[in-house]
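Chemist: Before I ask anything, here is the structure I am working with.
Bear in mind that the values in this text are calculations on the coordinates, not laboratory data. Keep in mind the model is a prediction, meaning the values are calculated, not measured. Methodologically, a virtual Cβ is constructed for each residue, glycine included, from the backbone with ideal geometry; neighbour enumeration extends over all protein chains shown.
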Amino acid sequence: MLLIAAKPRDLGELTVRRVLPSTRQQMVGPFIFFDHMGPAEFPPGKGIQVRPHPHIGLATITYLFEGQIMHRDSLGFAQAIEAGAVNLMTAGRGIVHSERAGDDYLQHSKLHGIQSWMALPEALAEIDPEFLHYPATALPELSLHGVTIRVIIGEAHGYQSPVKTYSPMLYLECQMPAGTSLTLPACQEQLAAYVVSGEIEAEGNKLAAGVLAVAANNAGISVTAVSNSRVMILGGTSLGKRYIWWNFVTHNQERMEQAKRDWLEGRFGKVPGDDEFIPLPD
């Protein structure tokens, strides 16, 4: 079992804990980017302000445990990201979006969640961009040996998420009271468990919040909660190596360079009502 400790990244409005990509492992299944945001608190009038920026070659999910983020994109969608809901944004050949503070902006607000990117299979990397919203009530939830499981993506114990997928994958939120255990068989080529809060034990290792435990390929995963814990299970079929730079995910460097030029020269779409943008990094 490979253990990856999250590394802090200062985004200005808040500090996140970045787990993937790691120098020890780039991806788990299609998951190529995994940021743990918060828990953070903001005074009235403060909150995240992520200006419009581009993506290619991936699909994104920002899954919140607490708080709200307002999503806007170049397709014209404006949709609040709320706790327990799923906004699936597929970049494909290119999309631009912003993530701003939500309706609680003028109040004392909190924010806590996970932002993840899933690489697209090479054959689908240039599909048309798309945005889909799934309310929290659409995601199936089950109780198993005292563990409450929400099926965000994929299928678990006979419960199927309605969230669209582009390759075989699994994404679960598990709330585990102290002393409970969760075992998943080798249902995916790659599986991992991320500790959001609390402490768990896996294969004799005690893991605190901010640690990702990656099982061996084609192996199951079993964890026990040492204290009341929230754990994310993620995984899927390997898609092979990808290039990742800034907000771009590609399978070849030539496409990466084209994406850079397209953003510099204004060939991406614009976000209606949000005229700011993040410049291409040096």
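Chemist: Given 0.36 nm per residue, what is the gain on full extension from Ile278 to Arg93 after removing their alpha carbon distance, in nm?
Modeler: Extra length from Ile278 to Arg93 when fully extended: 64.7 nm.
Chemist: Can you pull out the trypsin sites (Lys or Arg not before Pro) in the range 1-61 whose DSSP state is coil and whose Cβ has at most 16 other Cβ atoms within 10 Å?
Modeler: Here the sparse-neighbourhood loop sites are Arg24, Lys46.
Chemist: Using θ = phi - 60° and the Karplus relation 6.51 cos²θ - 1.76 cosθ + 1.60, list the HN-Hα couplings for the range 65-74 in order, rounded to whole Hz, with x at every Gly or Pro.
Modeler: Rounded to whole hertz, the list is 8, 7, x, 8, 10, 9, 9, 9, 9, 6.
Chemist: If the elastic network links every pair of Cα atoms under 10 Å, which of His36, His145, His53 fluctuates the most in the Gaussian network model of the chain?
Modeler: The residue that fluctuates most here is His145.
Chemist: For the chain, take the longest principal axis of its alpha carbons; what is the angle in degrees between that and the long axis of helix 253-264, to the nearest 10 within 0 to 90?
Modeler: Result, in degrees: 50.
Chemist: Among Thr250, Leu120, Pro140, pick out the residue whose Cα is farthest towards the positive end of the charge dipole of the chain, where Lys and Arg carry +1 and Asp and Glu carry -1 on C-beta, about the Cα centre.
Modeler: Checked the options; the winner is Thr250.
Chemist: Could you tell me the calculated FRET efficiency between Asn205 and Ala138, based on Cβ-Cβ distance and R0 = 35 angstrom, to the nearest 0.05?
Modeler: Efficiency at R0 = 35 Å is approximately 0.50.
Chemist: Counting other C-beta atoms within 10 Å, which of Asp10, Asp282, Asp274 has the fewest, and how do the rest follow?
Modeler: Asp282, Asp10, Asp274
Chemist: Give the dimensionless ratio obtained when the Cα radius of gyration of the range 124-282 is divided by 2.2 N^0.38 Å.
Modeler: This ratio for the range 124-282 stands at 1.27.
Chemist: Ok, one more. For the range 1-88, build the charge dipole from Cβ charges (+1 Lys, Arg; -1 Asp, Glu) around the Cα centre, then report which of Leu88, His71, Thr15 sits farthest towards its positive end.
Modeler: Thr15
Chemist: Now, a different point. Who wins for biggest fluctuation among Ala259, Ala213, Ala136 in a Gaussian network model of the chain, springs between alpha carbons below 10 Å?
Modeler: For the chain, modelled as a Gaussian network with Cα springs under 10 Å, the answer is Ala136.
Chemist: Please compute, over every Cα-Cα pair in the chain, the percentage with a separation greater than 30 angstrom.
Modeler: Cα-Cα pairs in the chain separated by more than 30 Å: 27 percent.
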